[in-house]
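Q: Here you go, one structure.
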Amino acid sequence: MKAVHIDLEHESMLYDDSLRELPIRQLSSKLVGLHTFKEHRFRIVPERAGEDTDDVGQLFSSCLVLMHLKDIYERCYGDDSGDDERYSDERILCFLQKFTEEYRVYLESLSDEKVSEILGVIEDPKFGWMLNELRKRRTKSTMRQG
């Protein structure tokens with residue numbers, strides 16, 4: 001697998017500015033989903049968290065991971081418009097497991113309130129189920145490590 005590394009700096013607002021997170025969420029929303037270059041299809045994902053991940057990197061990565069989860073959900077359970085990119089139930093559970101394994105560090109820091117801020121009100125019960133499955137898998141994974 002090949003990767004491109006991009007450094008994200010966010011210096012335009014004061015640390016305690018209440019609007020500070022909006023540009024990061026907006027950038028995340030533009031990067032989420034499947035992208036195509038020539039015959040290659042890919043997702044833009046954050047790198048694995050390290051000890052030097054700052055709060056901006058943490059927020060960006062958390063937003064991006066949650067937005068990918070929502071995108072995967074919409075592909076799995078979206079409308080029946082004939083979209084050939086929709087995922088099966090089995091594949092979406094595989095993605096959930098991968099999210100748990102790869103991005104646990106980014107997701108562990110998110111409270112329910114922060115998830116609501118990033119994704120908005122979750123009205124669809126199936127999407128709520130997916131988030132609960134992710135939390136269960138995250139909890140099981142954390143308990144195994146402890």
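Q: Out of Lys70, Lys114, Lys136, which single residue is out of contact with any Ser or Thr (no Cβ under 8 Å at 6 or more places or on another chain) and either at pLDDT 75 or above or within 20 Å of Leu31 (Cβ to Cβ) (or both)?
A: Sole residue among the options that is out of contact with any Ser or Thr (no Cβ under 8 Å at 6 or more places or on another chain) and either at pLDDT 75 or above or within 20 Å of Leu31 (Cβ to Cβ) (or both): Lys70.
Q: Of all residues in region 39-63, how many are farther than 22 Å from Tyr87 by Cα and exposed (fewer than 11 other Cβ atoms within 10 Å of the Cβ)?
A: 3
Q: Among the candidates Val65, Val56, Val4, single out the residue that is among the hydrophobic types (A, V, I, L, M, F, W, C) and modelled with pLDDT under 65.
A: On inspection, the qualifying residue turns out to be Val4.
Q: Picking from Thr100, Thr142, which residue would you name as being touching an Asp or Glu at 6+ places or on another chain (Cβ under 8 Å) and either modelled with pLDDT of 75 or more or surrounded by 12 or more Cβ atoms within 10 Å (Cβ to Cβ) (or both)?
A: Only one candidate passes the filter, namely Thr142.
Q: Does any residue in region 98-109 that is charged (D, E, K, R) come within less than 8 Å, Cβ to Cβ, of a residue that is at pLDDT 70 or above and buried (at least 16 other Cβ atoms within 10 Å of the Cβ) six or more places away or on a different chain, and which pairs are these?
A: Glu102/Val45
Q: Anything in region 118-136 that is surrounded by fewer than 17 Cβ atoms within 10 Å (Cβ to Cβ) and not aliphatic (A, V, I, L, M)? List them, or say none.
A: Gly120, Glu123, Asp124, Pro125, Lys126, Gly128, Trp129, Asn132, Glu133, Arg135, Lys136, listed by residue number.
The values are calculated or read from the model by the stated rules, or taken from the named source; none is laboratory data. Bear in mind the structure is a predicted one, so any value in this text is a computation, not a measurement. Note that we place each Cβ from the backbone using ideal geometry, even for glycine, and neighbour counts take in every protein chain shown.
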